[in-house]
Amino acid sequence: MTLAEMRGALPPRTLLTLAVGAAVALGFLAVFLLPEYREIEQLTVRTAAMRETLNDRSQLEPVAKALGETQAKVREVGPVGGRDKLPLADVERLTTIFDALAKPHGLRLSAVSPDAASVTREGLLAVRLAFLGTPEAARRFMLDLGGFGPVVKVESAATMYGREGREFTLKCWLAVR
C-alpha cells in the first residue's frame, strides 16, 4: 500500500493525529534523548582519559615514594656563603684554601684561576676551579664549598673524562674586600 492509498483509506483526523504523534516523538527525541547521548559520549571520553591518568599515577607511585624517602635522607645544606668577605691579600692563597677544602674528599685540585678582570663594584671576584676525583667526592666538595663564607654563588659547573680520570670545573664568585 502506497502513501496515496493510505491517505485515501484513512480519515483525515487519523492522519492528523499520526502526524502530530510523529512530530511529538521527533521533538521528544531531539529535546531529551540526543543531548543525553552526546553527554554520555563526552563522559565516556573523559572517563577513559581519567582511567589513563590513574594508571599513569599508579605506575609512578613507587617512584614518587622512593623519591620522597631519598629526599628525606638528604642532609640540609643551610645558607650558602656570602657571609664573610675574603681579604684581598688572601686571593694569592686561593690555591691553598681550595686545596684544603678539596683534600678531605679525596679530590686533587689541578687549577685555581681568579679572573682579575671580573671584579665588580660590589666586590665580587670570579674564580675558576679545576679538580679531579669521583663524582661523589665532587658532590661533597661542592656542599662544603657552599658553606665557605666568601662564596656568593656558583655560576657554572661542568664535568668530562680526561686523561687522569673525571675532571670537574667550577666557576664561582667570591666576595672580597
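A few remarks follow.
- If you go through segment 107-147 and keep only what is touching a helix residue (DSSP H, G or I) at 6+ places or on another chain (Cβ under 8 Å) and either in a strand (DSSP E or B) or open to solvent by 40 Å² or more (accessible area, probe 1.4 Å) (or both), you end up with ARG108, LEU109, VAL112, PRO114, LEU124, LEU125, ALA126, VAL127, LEU129, PHE131, ARG140, ASP144.
- Test result for ALA158, modelled with pLDDT of 90 or more, in contact with a Lys or Arg (Cβ under 8 Å, 6 or more places away or on another chain) and among the aliphatic types (A, V, I, L, M): no
- Any hit, segment 65-88, residues being over 39 Å from the mean Cα position of the chain (by Cα) and part of a helix (DSSP H, G or I): yes
- In segment 148-159, residue surrounded by the fewest Cβ atoms within 10 Å (Cβ to Cβ) [restricted to those that are not hydrophobic (A, V, I, L, M, F, W, C) and not in a strand (DSSP E or B)]: GLY149
- Any hit, segment 31-41, residues being surrounded by 10 or more Cβ atoms within 10 Å (Cβ to Cβ) and in contact with a helix residue (DSSP H, G or I) (Cβ under 9 Å, 6 or more places away or on another chain): no
- Checked against (1) of a type in the set (Phe, Trp, Tyr); (2) in a helix (DSSP H, G or I); (3) open to solvent by 30 Å² or more (accessible area, probe 1.4 Å), TRP173 meets all criteria but (2).
The values are calculated or read from the model by the stated rules, or taken from the named source; none is laboratory data. Just so it is clear, the model here is predicted, and its values are computed rather than measured. Positions of Cβ are generated from backbone atoms using ideal geometry, with glycine treated the same way; all protein chains shown enter the neighbour counts. To get the accessible areas, we keep the full protein, side chains included, count just its heavy atoms, and leave off ligands, DNA and RNA. Shrake-Rupley method; radii C 1.70, N 1.55, O 1.52, S 1.80 Å.
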